[in-house]
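A quick write-up on the structure given underneath.
No value in this document is a laboratory result; all are computed from the given coordinates. Please read all numbers here as calculations on a predicted model, not as lab measurements. Every residue, glycine as well, gets a Cβ built from its backbone with ideal geometry; the counts of neighbours run over all protein chains shown.
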Amino acid sequence: MFRAAANPVLRRICQKEAVVKKPEESATTGADLLVKALIDEEVEVVFGYPGGAVLPIYDSLFKQNKLRHILVRHEQAAVHAAEGYARSTGKVGVVLVTSGPGATNAVTGLTDALMDSIPIVCLTGQVPTHLIGNDAFQEADTTGITRPCTKHNYLVKDVAVLPRTVHEAFYVARSGRPGPVVIDLPKDVLMNKHDYKAPDMPVQHKSYRPVTKPDAKKIEQALELIANAKKPVFYTGGGVINSGPKASRLLTQLVHLTGYPITNTLMGLGTFPASDKQFLGMLGMHGTYEANLAMYHCDVLINIGARFDDRITGKLDEFSPHSKKIHIDIDGSSLNKNVRVDLPIVGDAGQALEDLIKLWKAKQPKTDQKALKAWWAEIEKWRARDCLAYKQGKEIIKPQFALDRLYHHIKNRDHYITTEVGQHQMWAAQFLKFEQPNRWMTSGGLGTMGYGFPAAIGVQIAHPEALVIDVAGEASIMMNIQELSTAAQYRLPVKIFILNNQYMGMVRQWQELLHGGRYSESYSEALPDFVKLADAFGAKGLRCHEPSKLDDTIKEMIAIKGPVIVDVAVDKTENCFPMIPSGAAHYDMLLGPEDRAARPVSEEGMVLV
Amino acid sequence: MEVASSHTISVLVDNEPGILARVVGLFSGRGYNIESLTVALTDVKENLSRITIVTAGTPMVVEQIKAQLDRLVPVHKVHDLTLEGPHIERELALVKVKGTGEKRVEALRLADVFRAKVIDAKTDSFVFEVTGTSDKVRTFVELMSSLGLVDVGRTGTVAMTRGGEAF
């Protein structure tokens, strides 16, 4: 707009275009249509931040009270909060940001949602259509920028198609493999008027119809392989969670029916109760010894809703070399992407599990009990190594101990955990137990520091009564610390549990293991006083240095009604084990500091991340 | 070791703004090759465009390319013509040649052999239109290079299955 005023040609264009289309009596503005469409989609909460281009939408929001708007303090946090909301409820998270910097700030969150398959609809403001391409004030090529980091995006150029676009966006975001969808909304489209027509639900998309029902023949083949396995292992991931809580119940049922061991990916924690004897813990780079060795030695690998990510496979040509691999995934492009599988099946995890259980019950297959007994005996031997063991002394708190105690105090409460990214994240995955799906929110694919706190805010909005804890590191938490203001505004009793080792711990660990202990820039110099920081934002700050006082601190944290930051000073030098060094195979795990000297990381491994 | 080979992929997409950017972005973002790419509106009623891409990769990579294309929301159909039975491929090129005397005569003679049409003529130049497989077009251009070649414009490959079936 500033440019338009300065430039006579543009000013003329503006004046000409500024004549808003003649409104019909019953017609509604684009902004009102948008809000109506959101309500039709049963949206209850929008996470956002206002700005010039979206003022009409904020005006519409002001005039109604069905949609609740949560004002964040940075657009990236709006997307993470919506992710937390979506992951803990199974609904689509909705974000509203302005044009230009509002949209570009949202990009990290969108990429995060894309990598972790989280359904998000992100509404971005845009300069009026006649100014698009003119380098107008707060203009960015939002559809161009977000094309590779969304599942799909739209630029709405005509108010007539606005409601339809919104409904299509929700359909695309939640169907198939979920993901983020951006709708870019020029300001004139929001001001123009059009009649409202309620949509025909469900929306029929002309080209996007993901396959959810797996091929019956392939399910039969899968069952055959599963039933005849001698050393089987289930390997399940976020796809089971995305399929809905029923899929996790079905998975638990199938695993119990077969009596086979199961391991979860970072994203899949909670799909199978962690306290169950058949659970081997998480697998992958910081997974358990038993889970990774089971993957290496198994003869049938049953992957449901996981994607053979490089954190899971380690060295590709030595990944589970003796197994027949079944891979069930709703996204056909995940099949045979990293690892060649013997039986690729496109379909929804829940549907596939339902079919498998039905068939299992109908056929009542006899599994090889003798072989399975031997397999479990082998697994128990690995388990007996107790790969997550640590030694807690009297002086310094071990981060593992802090999480053990945290879990002890929350396990009988209705709780949700989010994390930032780094060592604390891996320890949380190892030491907190997840009995149900949708209780664990962490940035898996993108590894976004600063994810956990805003995500916790989103979770708390969805579950006001629950205990929501962001397990954080002192470096990560600084990346979205401004959201303390949001927590204060909405009186959200989110707990931030900082494992403070004064280092970017995972960076420090890699520098120790791979770069000769040259701790380049990984020391957290000039940290704030987190207790005073909490105080400044109207939250409560607690600090704990001594192992003996940890229990009381955690109890106090839980008892406080409002937001709390707990600054737990932990061992600065502790490393996260077990660890498969990058480029190594599953059997080549470092179990503790003693293992390190014996096996230096290879040159090839150093190139990998 | 899997060997890389050339594949012609036909993609039917909604004719909407940004669709080409989506397809091209997918190829560059994931590190796939594009040997040639053609796109035009082919179904006015349904507003669909056909994109024909010639790409090269190992069987696993080509399978990935198809799966990734299929995943794009505005994509209706993806077919690997190279794998899915007999098909025909054609390319068109405009070739400008400048010269006089024996070279000019020779260019015209070769054009005749290749069934290239003269679509512009001046006393010292021709523009030829040549159609055929990419190999034929390439050969023609190579021959012209010693006869006063000035400019070449190529469409890239378009392709279709043989027989009466549509897809």
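Among B:Ile19, B:Ile88, what is the fewest-to-most ranking by other Cβ atoms within 10 Å?
Ordered from fewest to most neighbouring Cβ atoms within 10 Å, B:Ile19, B:Ile88 come out as B:Ile88, B:Ile19.
Specify the inter-centroid distance of the stretch B:56-98 and the stretch A:95-122, based on alpha-carbon positions, in whole Å.
32
At B:Asp14 and B:Thr58, where each label point lies 7 Å from the Cα along Cα→Cβ, what is the point-to-point distance in nanometres?
Between B:Asp14 and B:Thr58, the label points sit 3.6 nm apart.
At a 10 Å Cβ-Cβ cut-off, how would you order A:Phe137, A:Phe530, B:Phe167, fewest neighbours first?
Lowest to highest Cβ neighbour count: B:Phe167, A:Phe137, A:Phe530.
On a 29 Å Cα-Cα criterion, which of the cross-link pairs A:Lys315/A:Lys363; A:Lys218/A:Lys366; A:Lys197/B:Lys77 come out too long?
Table pairs above 29 Å Cα-Cα are A:Lys315/A:Lys363; A:Lys197/B:Lys77.
So, R0 is 25 Å and r is the distance between the beta-carbons of A:Ser524 and A:Gln482; what FRET efficiency does that work out to, to 0.05?
Efficiency at R0 = 25 Å is approximately 0.90.
I need the chymotrypsin sites (Phe, Trp or Tyr not before Pro) found in the stretch B:53-128, filtered to DSSP loop residues with at most 13 other beta carbons within 10 Å of theirs.
none
Given 0.36 nm per residue, what is the gain on full extension from A:Lys381 to A:Glu546 after removing their alpha carbon distance, in nm? Walk me through the numbers on the way to the answer.
Numbers: separation 165, 0.36 × 165 = 59.40 nm, distance 3.49 nm.
Taking 0.36 nm per residue and subtracting the Cα distance, the gain is 55.9 nm.
Kindly list the residues of the stretch B:74-113 that lie in the label zone of B:Thr131, defined by a backbone N under 12 Å from the point 7 Å along the Cα-to-C-beta vector.
So the set is B:90-93.
For chain A, what is the mean residue ellipticity at 222 nm derived from helices alone (per DSSP H run of n ≥ 4: -39500 (n - 2.57); sum divided by total residues; nearest 500 deg cm²/dmol)?
One gets -11500 deg cm²/dmol as the mean residue ellipticity at 222 nm.
Using +1 at the C-beta of Lys and Arg and -1 at the C-beta of Asp and Glu, which of A:Pro578, A:Ala294, B:Thr100 has the Cα lying farthest in the positive direction of the dipole of the protein assembly as shown?
A:Ala294
With a ≥ b ≥ c the root eigenvalues of the C-alpha gyration tensor of the stretch A:389-432, is it rounded (a/c under 1.5), prolate (a/b larger than b/c) or oblate?
oblate
Near A:Gln126, within a Cβ-to-Cβ distance under 9 Å, what is the net charge of the other residues, with Lys and Arg +1 and Asp and Glu -1?
Charge balance in the 9 Å sphere: -1.
Can I get the semi-axes of the stretch A:446-535's equivalent ellipsoid? Compute them from the C-alpha gyration tensor as square roots of 5 times the eigenvalues, in angstrom, largest first. Please list the in-between numbers first.
Details: eigenvalues 165, 40, 18 Å².
Those come to 29, 14, 9 Å.
Give the long-range amide H neighbours of B:Thr42: residues separated by 5 or more places, or on another chain, with amide H under 5 Å away, using H modelled in the peptide plane at 1.01 Å from N.
Here B:Leu48, B:Ser49, B:Arg50 satisfy the definition.
Using the Kirkwood radius built from alpha carbon pairs, what does the Stokes-Einstein equation give as D for the stretch A:220-260 at 25 °C and 0.890 mPa s, in µm² per second?
For these conditions, the coefficient is 220 µm²/s.
To the nearest whole percent, what portion of all C-alpha pairs in the protein assembly as shown is separated by more than 51 angstrom?
Considering the protein assembly as shown, 23 percent of its Cα-Cα pairs are separated by more than 51 Å.
Given just the C-alpha atoms of chain B, how large is their convex hull per residue in cubic angstrom?
Value for chain B: 150 Å³ per residue.
Which of the residue pairs A:Lys324/A:Lys358; A:Lys246/A:Lys381; A:Lys63/A:Lys157; A:Lys151/A:Lys231 have a Cα-Cα distance greater than 27 Å in the structure shown?
As for pairs spanning more than 27 Å Cα to Cα, those are A:Lys246/A:Lys381; A:Lys151/A:Lys231.
For a quick check: with amide H placed at 1.01 Å from N, whose amide H comes under 5 Å from B:Glu35's, ignoring anything fewer than 5 positions away on the same chain?
B:Val54, B:Thr55, B:Ala56
From zero outward in steps of 10 Å, how is the percent of C-alpha pairs of the stretch A:370-497 spread across the bins?
In order of increasing distance, the bins hold 12, 37, 30, 14, 6, 1, 0 percent.
Which residues in the stretch A:397-441 have a backbone N closer than 16 Å to a point placed 7 Å from the Cα of A:Asp276 along the Cα-to-Cβ line?
In the stretch A:397-441, the label zone of A:Asp276 (backbone N under 16 Å from the point 7 Å along Cα→Cβ) covers A:433-439.
As an exercise, find the ratio Rg/Rh for the stretch A:104-249 from alpha-carbon atoms, using the Kirkwood inverse-distance average for Rh.
Details: Rg = 20.1 Å, Rh = 18.0 Å.
So for the stretch A:104-249, dividing Rg by the Kirkwood Rh gives 1.12.
Taking the Cα centre of each part, how many Å lie between the stretch A:136-212 and the stretch B:1-35?
24
Divide the volume of the convex hull of the Cα atoms of the stretch A:526-575 by its number of residues and quote the answer in cubic angstrom per residue.
89
Restricted to Cα positions, what overall size does the stretch A:240-343 have along the principal axes? Three whole-Å values, descending.
Sorted from largest, the Cα extents of the stretch A:240-343 read 33, 30, 23 Å.
Based on DSSP, what percent of beta bridges with both residues in the protein assembly as shown are antiparallel, to the nearest 5?
Roughly 40 percent of the beta bridges in the protein assembly as shown run antiparallel, per DSSP.
Once you keep just the Cα pairs under 8 angstrom separated by 6 or more residues, what percentage relative contact order results for chain A?
It rounds to 13 percent for chain A.
Between the stretch A:357-377 and the stretch A:382-413, how far is it from one alpha carbon centroid to the other, in angstrom?
For the stretch A:357-377 versus the stretch A:382-413, the Cα centre distance is 35 Å.
Exposure proxy check: A:Asp595, A:Asp470, A:Asp195, A:Asp317 ranked by fewest other beta carbons within 10 Å?
Listed from fewest to most nearby Cβ atoms, that is A:Asp317, A:Asp195, A:Asp595, A:Asp470.
Which FRET efficiency value, to the nearest 0.05, is calculated for B:Asp120 and B:Lys77 with the Förster distance at 35 angstrom and r the Cβ-Cβ distance?
Working: r = 38 Å, r/R0 = 1.09.
Here the calculated transfer efficiency is 0.40.
Please tell me the relative contact order of the stretch A:347-486 in percent, rounded to the nearest whole number, where contacts are Cα pairs under 8 Å and at least six residues apart.
23
Helix A:550-559 versus the longest principal axis of chain A: what is the Cα-based angle in degrees, 0 to 90, to the nearest 10?
It works out to around 30 degrees.
Please quote Rg/Rh for the stretch A:87-134 to two decimal places, taking the Kirkwood radius as Rh and restricting both calculations to Cα atoms.
Looking at the stretch A:87-134, the ratio lands at 1.08.
Taking only C-alpha pairs under 8 Å that are 6+ residues apart, what is the relative contact order of the stretch B:80-160 in percent?
Relative contact order comes out at 48 percent.
For the stretch A:88-170, take the alpha-carbon Rg, divide it by the Kirkwood Rh, and send me Rg/Rh. Walk me through the numbers on the way to the answer.
Numbers: Rg = 13.0 Å, Rh = 13.4 Å.
Rg divided by Rh gives 0.96.
What does the extension gain come out to for B:Thr100 and B:Val44, with contour length at 0.36 nm per residue minus their alpha carbon separation?
15.6 nm
Could you compute the FRET efficiency for B:Arg162 and A:Arg249, with r as their C-beta to C-beta distance and R0 at 60 Å, rounded to 0.05?
0.70
Using 0.36 nm per residue, how much length does the chain from A:Met201 to A:Asn65 gain when fully extended, once their Cα-Cα distance is taken away?
Gain in length upon complete extension: 46.6 nm.
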